[in-house]
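Visitor: Input: one structure, supplied below.
The values are calculated or read from the model by the stated rules, or taken from the named source; none is laboratory data. These figures come from a predicted structure and were not determined experimentally. Cβ sites come from the backbone with ideal geometry, for glycine too, and all protein chains shown count toward neighbours.
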Amino acid sequence: MHFGRAAARLNLTQSPLSRQIQMLEQTLGVSLLERTTRAVRLTPAGRTFLTEAYRVIAAAESAARLTRRAARGESGTIRLGFTASSAYRALPRIVSLTRASLPEIDLVLEEMVSDEQIQALEENRIDVGILRPTAALLDPKTPLATNILAQEHLLLAVPRDHSLALGRAPSLADLDGEALVTWSPRGGRYFIDLLDDLFATAGIRPRVVQRVNQLHAMLALVGAGIGIAVVPDSARGISLSAVALRPLAAPEASRPQLLLAWRRDNANPCLPTFKAAIVSGDRSPDR
């Protein structure tokens, strides 16, 4: 409330400052200041304008700060696809890591089978996918890149009253002739091919009695006594009292992989930051 001191702070002389304030008042059509020979006071309109001026300055500074963070990939949105089985262990870890280390990045989640994620990535409908290896990823012309998130152990899921539910660790030979609940081609081609190769190498032939798309449905059928199932270690995230999960002795090469996939030419500035945080932070025992 002192023109001389205000002008000095602004590196102006008092006269230009007075003119600028008068021009502002003319533009607004109101008086902002009451001037006397001894004092200067804000009018009610002036107090309102001062409050709003501080708010505008704060908003401008916030916009600049957020813009710089967005350019550095520290804020924004990642559209993330995931398979149903990854929702039990991998997805919760990724969401927790993102919230802890990148709190200004929002995740938009969409459940899809692996083949659907491949198509969505190629069409730029999602930024990142959590998926199983597919034949499309082996194409040298694919625009997609991947990183291994996890390599899981195989488990044998059996009813609690089954002979393999207790005692020694089951082997592949124990599965010969057993009723098997397994994946349908639509959502589980990766596991179908992996298990077919595993069974052929071991020289065994389980009897497929039911095919389903989802892991939880498979375990529910096992609990109902329909058959047994070979499942990834992520099945431990589903608790069913009627089902026992036993480690299954199998070759190292048969361990199912879970991948993080993205387009190499994706221009989302959040993507490099997100990938770096997930790849460095995801250090599960099954990795």
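Visitor: Can you give me the number of residues within region 222-243 that are aliphatic (A, V, I, L, M), over 26 Å from the mean Cα position of the chain (by Cα) and surrounded by 20 or more Cβ atoms within 10 Å (Cβ to Cβ)? Explain how you work it out, then say what you get.
Guide: Going residue by residue through region 222-243, those that are aliphatic (A, V, I, L, M) are 222, 224, 226, 228-231, 235, 238, 240, 242-243.
Now narrow it down to the ones that are over 26 Å from the mean Cα position of the chain (by Cα): 222, 224, 226, 228-230, 240, 242-243.
Subsequent filtering for residues that are surrounded by 20 or more Cβ atoms within 10 Å (Cβ to Cβ) retains 222, 228-230, 243.
Matching residues across region 222-243 total 5.
Visitor: Among the candidates Arg186, Arg160, single out the residue that is of a type in the set (Lys, Arg) and in contact with a strand residue (DSSP E or B) (Cβ under 7 Å, 6 or more places away or on another chain). Give the derivation first.
Guide: Working: Arg186 fails: in contact with a strand residue (DSSP E or B) (Cβ under 7 Å, 6 or more places away or on another chain).
Selected residue: Arg160, the only one of Arg186, Arg160 that is of a type in the set (Lys, Arg) and in contact with a strand residue (DSSP E or B) (Cβ under 7 Å, 6 or more places away or on another chain).
Visitor: Follow-up. Say whether the condition of being at pLDDT 95 or above and outside any loop (DSSP other than H, G, I, E, B) is met by at least one residue in region 184-194.
Guide: Our first condition is that a residue be at pLDDT 95 or above; within region 184-194, this holds for none.
So far as region 184-194 goes, no, none of its residues is at pLDDT 95 or above and outside any loop (DSSP other than H, G, I, E, B).
Visitor: Please state which one of Thr98, Thr134, Thr142 is over 25 Å from Ala202 (Cβ atoms), among the polar types (S, T, N, Q) and more than 13 Å from the chain's Cα centre (by Cα). Spell out how you get there, then give the answer.
Guide: Details: Thr98 fails: more than 13 Å from the chain's Cα centre (by Cα); Thr134 fails: over 25 Å from Ala202 (Cβ atoms).
The conditions single out Thr142.
Visitor: Do we find that Ser239 is assigned to a loop (DSSP other than H, G, I, E, B), within 18 Å of Arg89 (Cα to Cα) and either in contact with a strand residue (DSSP E or B) (Cβ under 7 Å, 6 or more places away or on another chain) or without any contact (Cβ under 8 Å) to a residue 60 or more places away in the chain (or both) in this structure? Step through it out loud before you land on a result.
Guide: On the way: assigned to a loop (DSSP other than H, G, I, E, B): yes; within 18 Å of Arg89 (Cα to Cα): yes; either in contact with a strand residue (DSSP E or B) (Cβ under 7 Å, 6 or more places away or on another chain) or without any contact (Cβ under 8 Å) to a residue 60 or more places away in the chain (or both): yes.
Answer is yes for this residue.
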